[in-house]
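The values are calculated or read from the model by the stated rules, or taken from the named source; none is laboratory data. Owing to the predicted nature of the structure, the values given are computational and were not obtained by experimental measurement. Backbone-built Cβ (ideal geometry, glycine too); neighbour counts: all protein chains shown.
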Amino acid sequence: MSALDIPRPAWMGEDLVMLEEQAERFMTSELAPQIDKWHEAGLMDRSAWTKLGEAGLLCAGIPEEYGGAGGSFAHETVINLAFAHSGLDSIGAPLHSGIVAPYILRYGTEEQKKRWLPKLATGELVGAIAMSEPGAGSDLQGIKTSAKKSGNGYVLNGSKTFITNGQHADLIIVVAKTDPTAGAKGISLMVVEAADAPGFRRGRKLKKLGMDWADTSELFFEDVKLPAEALLGTQEGQGFVQLMSDLPQERLIVATAAIGMIERALALTVDYVKERKAFGKAILDFQNTQFTLAECKSEATIGRVFHDHCVERHIGGGLDTVTASMAKYWLTDLQNKIVDACLQLFGGYGYMDEYPISRMYRDARVQRIYAGTNEIMKLVIARSL
């Protein structure tokens, strides 16, 4: 769903066009009809993960030898755009497939990859990454969660908050300090299998301004005994470097969600103003409407071209953290601006919960906060000057 008239980017070949059509068809028929139910319940059904796995829409960028589809980040991007175009803005699958699984693929041992990746690809396991704490958000070096050596393994203690997929997660990558005296070099990534972790407890499913059916949660770890192989990789103290290395992809995933929602908001608004009448004529016939949508379409086109440029660079291995930060900050700011303008054109109906534009308005706001606040993005960019 898009109101933009621009050519397909060079990286999007015929196979990706077919994937986009398949993904949007599946999501529109199988998942989107459940949104109202999930909205009322405040939680997505766990069965949706299995359906996504059966449809081949999880871990598309993971090699076939580990149970994935053997694609690239381009395949993940097309699927993530389909989520946004279908109104599935609260779904945690982009994090599961594009952040959790790649950490295991890039930094895990061969045994860890074979153990966890196939189950993430089928949806048997739902992945989460636990970074933020009540007292530490963007400042990861300020975390208190610890993983202390104990015999041949570790004992994990700490609490995490704002964790996407927290209520459903079976496999949780926990950012912890293995050496509290070493600063960033003392941080490691520990993998917790929730079904076999006495002392692990899920806290509240957090009530939020938007993203209401996303299972954002508190997680607690109280003397959780972990085996030595729970350490992601083979060496302690690599966690901060691993996290920083994957930031461009994480921020690009957020930018993809932003441009996807922008395109959907514009398409829905154009349809609405063509049909809705005021003072005897369609709302689109008023010059104010035309000028507003002309501005939105122009800026959205610029945003989509920049987004596609970043995707192409990332596929080729050339997307740096600064450019990814530009994409994340600028596109999420634009997302909020355009959705707000579109809601205004809906008038009073735009404020009603049953209209998708109302939910988009709420769901868009967090995009400027997570994956590093937009203020942090500007700091990263400023350091490159």
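Looking at Ala176, Ala182, just one residue is out of contact with any helix residue (DSSP H, G or I) (no Cβ under 7 Å at 6 or more places or on another chain), at pLDDT below 95, aliphatic (A, V, I, L, M) and farther than 30 Å from Trp38 by Cβ, and that residue is Ala182. Does the range 147-156 contain at least one residue that is assigned to a strand (DSSP E or B), out of contact with any Leu (no Cβ under 9 Å at 6 or more places or on another chain), in contact (Cβ under 8 Å) with a residue 12 or more places away in the chain and crowded, with 17+ Cβ neighbours inside 10 Å? No. Based on what the data block shows, is Val270 of a type in the set (Val, Ile, Thr) and touching a helix residue (DSSP H, G or I) at 6+ places or on another chain (Cβ under 8 Å)? Yes: the conditions hold for Val270. Taken across the range 29-51, residues that are in contact with a Lys or Arg (Cβ under 9 Å, 6 or more places away or on another chain), assigned to a loop (DSSP other than H, G, I, E, B) and not hydrophobic (A, V, I, L, M, F, W, C) do occur, with at least one present.
Just to be sure, is Gly123 surrounded by 18 or more Cβ atoms within 10 Å (Cβ to Cβ) and out of contact with any strand residue (DSSP E or B) (no Cβ under 8 Å at 6 or more places or on another chain)? Judged against the criteria, Gly123 is a match.
Return yes or no: is Lys297 basic (Lys, Arg), assigned to a helix (DSSP H, G or I) and surrounded by 15 or more Cβ atoms within 10 Å (Cβ to Cβ)? Judged against the criteria, Lys297 is a match. Residue under question is Val270, and the condition is that it be of a type in the set (Val, Ile, Thr), at pLDDT 95 or above and either surrounded by fewer than 19 Cβ atoms within 10 Å (Cβ to Cβ) or within 17 Å of the chain's Cα centre (by Cα) (or both); does it hold? Against the criterion (of a type in the set (Val, Ile, Thr), at pLDDT 95 or above and either surrounded by fewer than 19 Cβ atoms within 10 Å (Cβ to Cβ) or within 17 Å of the chain's Cα centre (by Cα) (or both)), Val270 qualifies. Filtered by the rule that a residue be part of a strand (DSSP E or B) and either closer than 16 Å to Lys149 by Cβ or without any contact (Cβ under 8 Å) to a residue 24 or more places away in the chain (or both), the range 222-244 gives Asp223, Val224, Lys225, Leu226, Leu231. Mind listing whichever residues of the range 3-33 are closer than 16 Å to Asp89 by Cβ and touching a residue at least 40 places away in the same chain (Cβ under 8 Å)? If the condition is that a residue be closer than 16 Å to Asp89 by Cβ and touching a residue at least 40 places away in the same chain (Cβ under 8 Å), then Ala23, Glu24, Met27, Thr28, Leu31, Ala32 are the ones that fit. Among the residues here, Thr145 does not qualify as under 15 Å from Glu65 (Cβ atoms), more than 16 Å from the chain's Cα centre (by Cα) and among the polar types (S, T, N, Q).
Residues that are at positive phi, in contact (Cβ under 8 Å) with a residue 60 or more places away in the chain and surrounded by 21 or more Cβ atoms within 10 Å (Cβ to Cβ) do occur in the range 161-168, at least one of them. Screening the range 313-366 for residues that are of a type in the set (Lys, Arg) and more than 22 Å from Lys274 (Cα to Cα) and picking the one that is farthest from the chain's Cα centre (by Cα) gives Arg313. Annotation note: Cβ proximity below 6 Å between a residue of the range 34-46 that is among the aromatic types (Phe, Trp, Tyr) and a residue that is in a loop (DSSP other than H, G, I, E, B) (sequence gap 6+ or interchain) occurs for Trp38/Met44; Trp38/Trp213. Pairs linking a residue in the range 354-369 that is under 12 Å from Leu209 (Cβ atoms) to a residue that is surrounded by fewer than 19 Cβ atoms within 10 Å (Cβ to Cβ) and among the hydroxyl-bearing types (Ser, Thr, Tyr), with Cβ atoms under 9 Å and 6 or more positions apart or on different chains, are Tyr361/Tyr351.
Considering every residue within the range 81-89, establish whether at least one is of a type in the set (Phe, Trp, Tyr), crowded, with 24+ Cβ neighbours inside 10 Å and either in contact (Cβ under 8 Å) with a residue 40 or more places away in the chain or touching a His at 6+ places or on another chain (Cβ under 7 Å) (or both). There is at least one residue in the range 81-89 that is of a type in the set (Phe, Trp, Tyr), crowded, with 24+ Cβ neighbours inside 10 Å and either in contact (Cβ under 8 Å) with a residue 40 or more places away in the chain or touching a His at 6+ places or on another chain (Cβ under 7 Å) (or both).
A Cβ distance below 8 Å, combined with a sequence gap of six or more or placement on separate chains, defines the contacts here; from the range 245-263, residues that are over 14 Å from His85 (Cα atoms) reach residues that are among the acidic types (Asp, Glu) and surrounded by fewer than 24 Cβ atoms within 10 Å (Cβ to Cβ) in the pairs Pro248/Asp320.
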